[in-house]
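Comments concern the structure below.
FYI, it's all coordinate maths here, none of it is from the lab. Please read these numbers as outputs of a predicted model, since none were measured by experiment. Cβ: placed from backbone, ideal geometry, glycine included. Neighbour counts: every protein chain shown.
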Amino acid sequence: MIETDDRPRRRAALAAAVAGVLALGACTVPADASAKVTAMAPTPQAEAIAKIVGDEMAAQSLRAVIVKVTRGDEVVTSQAFGQSLDGVPATTDMRFRNGAVVFAYLGTLLMLFVDEGRAGLDDTIDRWMPALAESGKVTLKMLANQTSGYPDYETDPGWNAAFNADPFQSWTVQRRLKYAFSRPMQFAPGTNWSYSHTNFMILGEILAKIGGKPLDVLLREKVLDPMGLTDTVAAQTGAIPPPVLHSFSSERRQALGVPPKTAFYEESTFWNSDWGTPPGANQTSTIDDLATTAVAVGTGKLLSESSYRAMTDTNLIGFGQAQADCAPSCFKQVDGYNFGLGVIRSGAWIMQNPLVGGYSAPESYLPPEKVGISVAVTFLPGAFDCEGNYPDASDHVFRLIAAYVAPNHAPPMPKPFKKAC
């Protein structure tokens, strides 16, 4: 969920998360795009949630929305709206990219190793990757809570140019490390906060070393299967198992030199998103697995109480500050957005909210009321501004649904997304 200089929509979306400033859009959508396609038997709550979704599809120019809401063991609603492709309705069994949701799986795997006594959060990473900068000072906790000071390779202009030239390519760890460390540390380890994909790429490599198996195997054996996830799978390419929720994007507009007033909207479904995760963690999923994840992560299903608290508590509120050489990724952690170990806290909600390649798909859980909300969204041309920027619209849909189903714990609401033109 991070923007770059050449692809500003991801990094702008993160910056907008500061103090609840999470992006919105305001465009129109074809009348039939908000038609409900798959739904449970209507109940007053399900109908109210459908109304929220339909209104947001019209307001934010959304192509498809899939949503599932649970309360305890009850499924409040599971519905799909709009179209995957023209003439192909979206359905609740369609698969999409889960992006940063995998960071919650990495945080869970890390804490499982802590529970097993195989690692400690304050262990420095020179034990596993001594050649990295400041490896004797950077700890596992710093990787997981984004306080290492390691630059994000995604902010490197060279990386952006290479990605935009071929969004289907695969990215090795060494190639990404070269981009990341072509620049100096952003700050001394542990002294500031800044969102960096580099942290989780390195953490994934170290977790594989601790576990003595490839990361995809470890995640399957220790996290995905125990959580009960049946449709979350990893791939080294941009492949997605059918049925597929197709995505579309305008984010390469500036990189390809498309004039602002020229229509530009391309299919991005099969862009390879392995650049954003460690090898073995480039995943696709379904709304059911996203909803199961929300509950499993939000309750600490696989963890000891102490590890669950270490992973999800609001330990960083008040920490961090803006800094010129890592703007807009470094900022003070606040109630509306503060990072745990691979998860985000927003008010009382525990969540992750990826935005990647035309997909937006948060999963969230409210422990006090045992409510889970998961949403997957794709976009119509009107969602993008003249520079190719677009909002994390599903995050806003989640917040509106959350305010309806749990008004006593409504998450902080965002300011509107401001289009460049």
At 20 °C and a viscosity of 1.002 mPa s, what translational diffusion coefficient does Stokes-Einstein give for the stretch 45-116, taking Rh as the Kirkwood radius over Cα pairs? Give it in µm²/s as a whole number. 146
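FRET efficiency for Asp73 and Lys209, Cβ-Cβ distance as r, R0 = 41 Å, nearest 0.05?
Details: r = 38 Å, r/R0 = 0.94.
The pair Asp73/Lys209 has a calculated efficiency of 0.60.
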Reach of Lys415 by Cα under 23 Å, taken over lysines that are not fewer than 8 positions away in the same chain: Lys51, Lys332
What spacing in nm lies between the two simple spin-label points modelled at Phe181 and Ser304, each 7 Å away from Cα in the Cβ direction? 3.3
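Determine one quarter of the surface area of the Cα convex hull of the chain, which equals its mean projected area, and express it in nm² to one decimal. Numbers along the way, then the final one.
Working: hull surface 71.2 nm².
Reported value for the Cα convex hull: 17.8 nm².
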So which DSSP H runs in the chain come out at 20 Å plus along the axis (Cα) with average Kyte-Doolittle of at least 0.5? 101-115, 197-211
Using just the helices of the chain, give the 222 nm mean residue ellipticity in deg cm²/dmol: DSSP H runs with n ≥ 4 each add -39,500 (n - 2.57), and the total is spread over all residues, rounded to 500. -8500 deg cm²/dmol
